[in-house]
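J.: Take this structure, written in structure tokens, and hold onto it; I'll ask about it next.
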Amino acid sequence: MARGADTPAVRLLGIRRAYGNVVAIAGIDLDIAEGEFFTLLGPSGSGKTTTLRVIAGFERPDAGRVELQGVDVTRTAPSERAVNTVFQDYALFPHMTVLENVEYGLRVKGVPRRERRERALEVLERVRLPGLGSRKPTQLSGGQRQRVALARAIVNGPPVLLLDEPLGALDLKLRQEMQVFLKELQRELGITFVYVTHDQEEALTMSDRLAVFNEGRIEQVGAPAEVYEHPRSEFVAGFVGVSNVLERGGRRFTIRPEKIHMVEEEATLPSGHEIEAGRVRDVVYVGMVTRYVVELDAGGELAVVVQNLETSSQEALEARGKRVRLGWRPEHTFEITPHKEESEQ
Amino acid sequence: MQPGRPLRAARLYLTGVFWRHRWGKGLVLLAPPLLAFALVYLASLAALFVSSFWTVNPFTTEIEHHWTLDNFRTIFESSAYRTIALRTIGIAAAVTVTDAILAFPLGYFMARLARPRTRAFLFVAVLLPLWSSYLIRVYIWRLILDQNGVLNWTLRQLGLGPLHLAYSNWAVWIVFSYVWLPFMVLPVYGALERIPESLLEASRDLGARGFETFRRIVLPLALPGVVAGSIFTFSLTLGDYVTPMLAGGSSSQFIGNVVYSSVGISNNVPFAAAFATIPLAVMAVYLLIARKLGAFEAM
């Protein structure tokens, strides 16, 4: 089959998957480009992991087609697909050493002993685990296991790497380090990463593009900035960032909390702002910023994020119950179509 | 001082002792069973071992308490006893292998493929024979394997010649394999069930096909279960004398039958003791190997 420059690395066409009465994927079409860091983002049970498993071949779709590099693999066994997976629980073989784990893919493909050892050691170096080859997986920390799982997958040189919430079990600091590391690795290797996560921040910082999943469907596909600033549905607005949805005159729209100015009742706001009055219902001090929830007189409430440039925590917390005025530029609001809609790129 | 105060102080003290010295708890828990174990079990084993070095005076039939290796010499030098010992160990090994081969696919199906209802049904099917008397199960097999039994009747209907299985080593092997099968299925099932599905997926994901995954992942991870099961099947066969007597007859004597007749008929307890130490020694060696293979982590 011809493989043009614009052949997507992964193409899903009309994928459906149900378990009895439970619909896991309710019809998904998706193109993931060659060399892209693509994230499947959504809450648990939204179908993102099932989609990844369909690409890997662990789940057979009830309907639809899976293509890898333009080749239809819908009926191909996982062992024959040119993808490798980093599992959420790492799935390291407990009876093998780290080195044997990393060599496994090469061994079953019949790569000679010397070559596979060389390549395995090289990859272990690359994931910054030199000298741990003779350990058993149980003797490693969580972060180290995670990197062994990564090494075991990339040593095979797959054109597409699938990652199923690989950082889910790590603590915050390690997770942030690994985010940077994974992004660098993807750039160096130049291969396609398909990354599953429920963490919107992770999705926004790492991805070239992302797809937001909800109830077995894709709500929106786009670059992080686009999805964040122009959420196409109420769900996306709420899941990627904070749901700030207002209804005014039959028009539903969302506005990001950091785009809102908040001033005391008598103070003026720059001209051209839309202005509403309200009362601070709740204050959460989060270090760098303070989050306020403001109840509007005209109905509804908005979350407002203010950087703590000059405000002390004392002052911030005293704002509770005070009357305020909110203002925002009309171009920072985005209209939302009422409820779910079929989405395409 | 209030009444009950010393009691509380004592309680406080004791709690502290048990908290600081964790072995204290273990000691209290284990003392009664350990005592019974030491007295009844180890002492009788020691008595067995010691008496195997005594002899019986053939004229007075009194036990003579002076040390000799005569009993062991008799066992190793007499070809009849050697045959019996080798038959016992050989059939025990054959039964173990047979059960492992039968139990593995069954355990695999139950652990990884069967739906919960099917699995429950298979569990009952595997365990059901254990709820009936051992003796009855052996007698039923006699009815099946008899010259004019169910098996040969069926074969005759199919136009096939009769098999002469009754009262042979074959019969002993078949009956043992049947009666000890549950003891192999359960640990094998347990070991297979503990293998996370994601390991098999990872193997396939890395390019290994079905058989390769089985050989490199499933088999090594389930092996401790197989070894654990084999400890049961091997030792149970090694020590049995009912099945050889009922299904095998006089041509299929086991060590147990010799022990039985030495004690019961010729009243030669020292010789029986000597012969009984052989399965013990074999089992000890077997358990050492099993421990090396990690069997005790799967029990």
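The values are calculated or read from the model by the stated rules, or taken from the named source; none is laboratory data. It should be emphasised that the depicted structure is a prediction, and the values quoted were computed from it without experimental measurement. Every residue, glycine among them, receives a Cβ derived from its backbone with ideal geometry; neighbour counts consider all protein chains shown. Note: accessible area is taken over every heavy atom of the protein model, side chains too, but ligands, DNA and RNA are not part of it. Shrake-Rupley method; radii C 1.70, N 1.55, O 1.52, S 1.80 Å.
J.: Given the condition under 29 Å from A:V10 (Cβ atoms), touching a residue at least 24 places away in the same chain (Cβ under 8 Å) and within 13 Å of another protein chain (Cβ to nearest Cβ), answer yes or no: does some residue in the range A:65-74 qualify?
T.: There is no residue in the range A:65-74 that is under 29 Å from A:V10 (Cβ atoms), touching a residue at least 24 places away in the same chain (Cβ under 8 Å) and within 13 Å of another protein chain (Cβ to nearest Cβ).
J.: Output the residues belonging to the range B:165-222 that are away from chain A (no Cβ under 14 Å), open to solvent by 30 Å² or more (accessible area, probe 1.4 Å) and not in a helix (DSSP H, G or I).
T.: Passing the criteria: only B:Y167.
J.: Here's a follow-up. Exactly one condition in (1) assigned by TED's automatic domain parsing to the domain that holds B:A222; (2) more than 23 Å from B:T277 (Cβ to Cβ); (3) among the charged types (D, E, K, R) is not met by B:R20; state its number.
T.: Against the list (1) assigned by TED's automatic domain parsing to the domain that holds B:A222; (2) more than 23 Å from B:T277 (Cβ to Cβ); (3) among the charged types (D, E, K, R), B:R20 comes up short only on (1).
J.: Which residues, counting only those in the range A:229-260, are among the hydroxyl-bearing types (S, T, Y) and under 17 Å from A:R329 (Cα atoms)?
T.: The answer is A:T254, and nothing else.
Per-residue answers, yes or no, for (1) closer than 19 Å to A:Y228 by Cβ; (2) out of contact with any strand residue (DSSP E or B) (no Cβ under 7 Å at 6 or more places or on another chain); (3) touching a residue at least 40 places away in the same chain (Cβ under 8 Å); (4) in a helix (DSSP H, G or I):
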position: A:G241; (1), (2), (3), (4): yes, yes, yes, no
position: A:F253; (1), (2), (3), (4): yes, no, yes, no
position: A:V263; (1), (2), (3), (4): no, no, yes, no
position: A:G278; (1), (2), (3), (4): no, no, yes, no
position: A:V283; (1), (2), (3), (4): no, no, no, no
position: A:V294; (1), (2), (3), (4): no, no, no, no
position: A:L302; (1), (2), (3), (4): yes, no, yes, no
position: A:E315; (1), (2), (3), (4): no, yes, no, yes
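J.: Follow-up. If I filter the range A:113-123 for residues that are more than 8 Å from chain B (Cβ to nearest Cβ), free of Cβ contacts under 8 Å to residues at least 60 places away in the same chain and assigned to a loop (DSSP other than H, G, I, E, B), do I get at least one hit?
T.: Checking the range A:113-123: not a single residue is more than 8 Å from chain B (Cβ to nearest Cβ), free of Cβ contacts under 8 Å to residues at least 60 places away in the same chain and assigned to a loop (DSSP other than H, G, I, E, B).
J.: List, please: which pairs have Cβ atoms under 9 Å, are six or more places apart or on different chains, and start with a residue in the range B:240-267 that is closer than 25 Å to B:I63 by Cα and assigned to a helix (DSSP H, G or I) and end with one that is among the polar types (S, T, N, Q) and open to solvent by less than 20 Å² (accessible area, probe 1.4 Å)?
T.: Listed by first residue and then by second, the contacts come to B:I255/B:T88; B:G256/B:T88.
J.: Among the residues of the range A:93-112, which ones are away from chain B (no Cβ under 12 Å), surrounded by 13 or more Cβ atoms within 10 Å (Cβ to Cβ) and part of a loop (DSSP other than H, G, I, E, B)?
T.: A:T97
J.: Among the numbered criteria (1) under 30 Å from A:G278 (Cβ atoms); (2) open to solvent by less than 50 Å² (accessible area, probe 1.4 Å), which one does A:E202 miss?
T.: Tallying (1) under 30 Å from A:G278 (Cβ atoms); (2) open to solvent by less than 50 Å² (accessible area, probe 1.4 Å), A:E202 fails exactly one: (1).
J.: Looking only at the range B:132-164, filter to residues that are in contact (Cβ under 8 Å) with a residue 12 or more places away in the chain and in a loop (DSSP other than H, G, I, E, B); which one of those is surrounded by the most Cβ atoms within 10 Å (Cβ to Cβ)?
T.: Step by step, filter the range B:132-164, then rank; the result is B:G149.
J.: Quick test of your reading of the structure: A:G42 fulfils all but one of (1) touching a strand residue (DSSP E or B) at 6+ places or on another chain (Cβ under 7 Å); (2) within 14 Å of chain B (Cβ to nearest Cβ); (3) open to solvent by less than 20 Å² (accessible area, probe 1.4 Å). Name the failing condition by number.
T.: (2)
J.: I've got another one for you. Any idea which residue in the range A:1-39 is modelled with the lowest pLDDT, counting only those that are among the polar types (S, T, N, Q) and crowded, with 17+ Cβ neighbours inside 10 Å?
T.: Filtering the range A:1-39 for residues that are among the polar types (S, T, N, Q) and crowded, with 17+ Cβ neighbours inside 10 Å, the one modelled with the lowest pLDDT comes out as A:T7.
J.: In the range A:124-159, what residues are away from chain B (no Cβ under 14 Å), in contact (Cβ under 8 Å) with a residue 24 or more places away in the chain, in a helix (DSSP H, G or I) and open to solvent by 60 Å² or more (accessible area, probe 1.4 Å)?
T.: A:R126
J.: Given (1) of a type in the set (F, W, Y); (2) under 18 Å from A:G47 (Cα atoms); (3) assigned to a helix (DSSP H, G or I), identify the lone condition not met by A:F181.
T.: Here A:F181 clears every test but (2).
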